[in-house]
Structures are given as structure tokens and as C-alpha cells.
Amino acid sequence: MEVSGFQSFAVWISFLTGFTMANYSEDQCSWRGSGLSQAAKNVEQVWLRCAEGSVEWLYPAGALRLTLAPRLPWSAMGPGESSNRPVSACIKPDQHWGGAQLYLERDGVLELLVGDGEEKPHSAHVRCFSAVPGERPALFLQATPHQDISKRIATFRYELRGDWTAQLSVNTDLISNEGACRPCNNTEILMAVCTSDFVVRGNIRSVETDSNLRATVIKVTTTRVYRQKIALFPDSGRLTRSGEIRTALQCGVRPGPGSFLFTGRVHFGEAWLGCAPRYKDLLKAYEDAKQSLTIPCTLVND
């Protein structure tokens with residue numbers, strides 16, 4: 001969605017008329033504020049300095065301009081990756097979103113990411129957009145007029161990544177990635193073992209459909225946790241060793257026997273599937289790479 005030239009001009013006029021001080025968390029990863037303390041015609045300037053965080057705008061009034069500018073490079077690239085590779089920003093609005101519209105601001109044009117009053121639970125879907133390294137994307141959060149703002153809260157979480165989400169465009173859900181279902185070759189499997197947010201061995205217990213999220217939820221019983229960015233999978237010392245991994249609905253995942261090595265990314269606190277070879281196939285690829293001296297990293301075997 002593009003905003004007319006008059007609207008865009010009005011946005012910048014309001015920006016120039018003044019702004020108020022931002023309220024940050026101590027690490028400047030997140031921002032929380034209230035429209036009750038903000039002049040209705042002001043645009044408040046907010047700089048977010050981390051690769052992930054949240055924004056909570058109570059009783060929206062006026063507007064916010066949010067610049068995503070982490071202190072460290074936010075294109076987490078591996079060895080040999082091009083510095084010109086696009087990076088991505090993803091936002092996930094709260095399911096109770098209301099009272100404001102969220103736009104991506106790029107080259108003086110506003111593109112709608114989240115509208116006010118969208119049908120729930122669709123408003124809780126993830127939106128992603130790409131940017132070139134060095135670019136500082138900005139989000140424009142504008143309050144919509146309501147007679148009663150006492151129950152209006154505009155809250156979302158954001159993440160900046162330099163990997164698999166970068167190819168997604170604005171207004172595209174995370175799970176619509178066309179490459180999500182493509183089988184991994186041996187090289188990709190071994191790199192996934194080295195670079196994924198989680199690497200676990202286990203069995204598929206059941207497969208369910210989350211129609212609201214439009215995703216498949218794979219429930220797994222883990223037998224070995226090699227690595228995990230956050231504690232999504234219990235370690236082997238616990239009686240109950242189960243976890244959930246999500247993937248695109250169109251992949252048509254079905255339960256099957258055997259042991260698998262599950263790898264993937266953590267996105268907004270949830271595990272999303274990357275490569276998932278059968279464990280015996282992984283071991284063969286691993287041994288072949290060792291023999292040819294092309295192994296990218298060491299896997300600790302059982």
C-alpha cells in the first residue's frame with residue numbers, strides 16, 4: 001500500500017513540528033510508552049539498538065517513527081558469505097493489536113504492514129521485509145482515531161536476521177517461503193548442523209495442523225540435544241523429553257518411523273524446521289565428508 005504524496009508530505013511536516021523523548025528499556029532493545037503523554041500532532045522518534053526486542057504503545061495517539069539501528073552489524077553472515085547479501089527484518093504484532101497502523105517507511109513511501117482492526121488472528125502473522133546491508137529501515141506507527149482509546153494497545157516484537165528470512169518481501173508471512181519444503185542436499189545438511197539455532201535428534205511423535213498460523217506443528221520426542229539457542233527442547237536428564245517444531249503447511253509433513261536429526265531457526269521464540277535428515281543418512285554424509293576432508297564442523301556422536 002502506498003500513501004499519497006499529500007499524506008507523505010503531511011507525515012514529514014508533522015515530523016518537523018516536534019517530537020518527544022523516547023522511553024527505552026535499559027538496553028534500548030525495547031520501547032514502552034503511552035499516547036496519553038504525547039501531543040496528538042507530534043511524531044516521537046525511537047531508535048532501537050538491538051537485533052531483537054519489542055514495542056508496546058499504550059493508548060496510541062499521534063505517531064512514532066522507529067529506526068532499527070543495532071550497535072552491531074545485523075547481517076550475521078557465515079564464512080564466505082557476501083557482504084552485499086540482503087538482511088531482513090520481521091515483525092510479529094500481538095493478537096490483540098488495536099488503535100494504530102504500522103507502516104514500513106522506505107524512500108519516502110509508506111507501505112502498510114499491519115492495519116487497525118484487522119480480522120483476528122490474522123493480525124498476529126509475521127511480516128518480513130528485506131534491506132541491503134547498511135540500510136536503516138524505519139517503521140512508522142500512526143494512531144487511528146477512536147472515541148475510546150482506553151482498551152487500545154499496539155504491541156509487536158521485531159527481529160533482524162541475515163539468513164533464511166531475508167528473501168521474504170513486505171506483507172509476506174514467514175511460513176509462505178517457497179523454499180521451505182525443498183529437501184536439503186548433503187552439503188546443506190552438514191552446514192545446518194554447524195550453523196542452526198537448534199540441532200536435536202529425535203522421533204516424530206505426531207503431526208498437527210495449526211490452521212490459525214497456517215503451519216504444521218511437528219511434535220517430537222528428543223533423544224539427544226546437541227545445541228539450542230534457547231531452551232525449547234528438554235535435555236536427556238528429564239523424564240519428559242518432547243518439543244515442537246513448526247514448518248510450512250504446504251510441505252505436507254507426515255509422521256513416520258525412525259530417528260531424525262532436526263535442525264532449524266528460532267523465530268519469535270518458536271522452533272522452525274530447516275534440514276531434517278534421517279539420522280542414518282546424516283551419519284553417512286558426515287563420514288563421507290570426513291573421508292574427503294570437506295567436513296565443515298565436528299559433530300559429537302553418541
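Worth pointing out:
- Among the residues making up the range 121-152, a single one is of a type in the set (A, V, I, L, M), over 21 Å from the mean Cα position of the chain (by Cα) and modelled with pLDDT of 75 or more: A143.
Matching residues to (1) touching a Phe, Trp or Tyr at 6+ places or on another chain (Cβ under 7 Å); (2) within 17 Å of P137 (Cβ to Cβ); (3) modelled with pLDDT of 90 or more; (4) of a type in the set (A, V, I, L, M):
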position	(1), (2), (3), (4)
G53	yes, yes, yes, no
L72	no, yes, no, yes
M77	no, no, no, yes
P86	no, yes, no, no
A100	yes, no, yes, yes
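- Test for R201: is it modelled with pLDDT of 90 or more, out of contact with any Gly (no Cβ under 8 Å at 6 or more places or on another chain), within 23 Å of Y158 (Cβ to Cβ) and assigned by TED's automatic domain parsing to the domain that holds D281: no
- In the range 259-281, residue surrounded by the fewest Cβ atoms within 10 Å (Cβ to Cβ) [restricted to those that are touching a Gly at 6+ places or on another chain (Cβ under 7 Å) and aliphatic (A, V, I, L, M)]: L273
- In the range 181-212, the residues that are part of a helix (DSSP H, G or I) and out of contact with any helix residue (DSSP H, G or I) (no Cβ under 7 Å at 6 or more places or on another chain): T187, E188, M191, A192, V193, C194, T195
- Of all the residues in the range 211-225, those that are surrounded by fewer than 17 Cβ atoms within 10 Å (Cβ to Cβ) and over 10 Å from E244 (Cβ atoms) number 5.
The values are calculated or read from the model by the stated rules, or taken from the named source; none is laboratory data. None of these values were measured; they are calculated from a predicted model. Here Cβ is always computed from backbone atoms with ideal geometry, including for glycine, and neighbour counts include all displayed protein chains.
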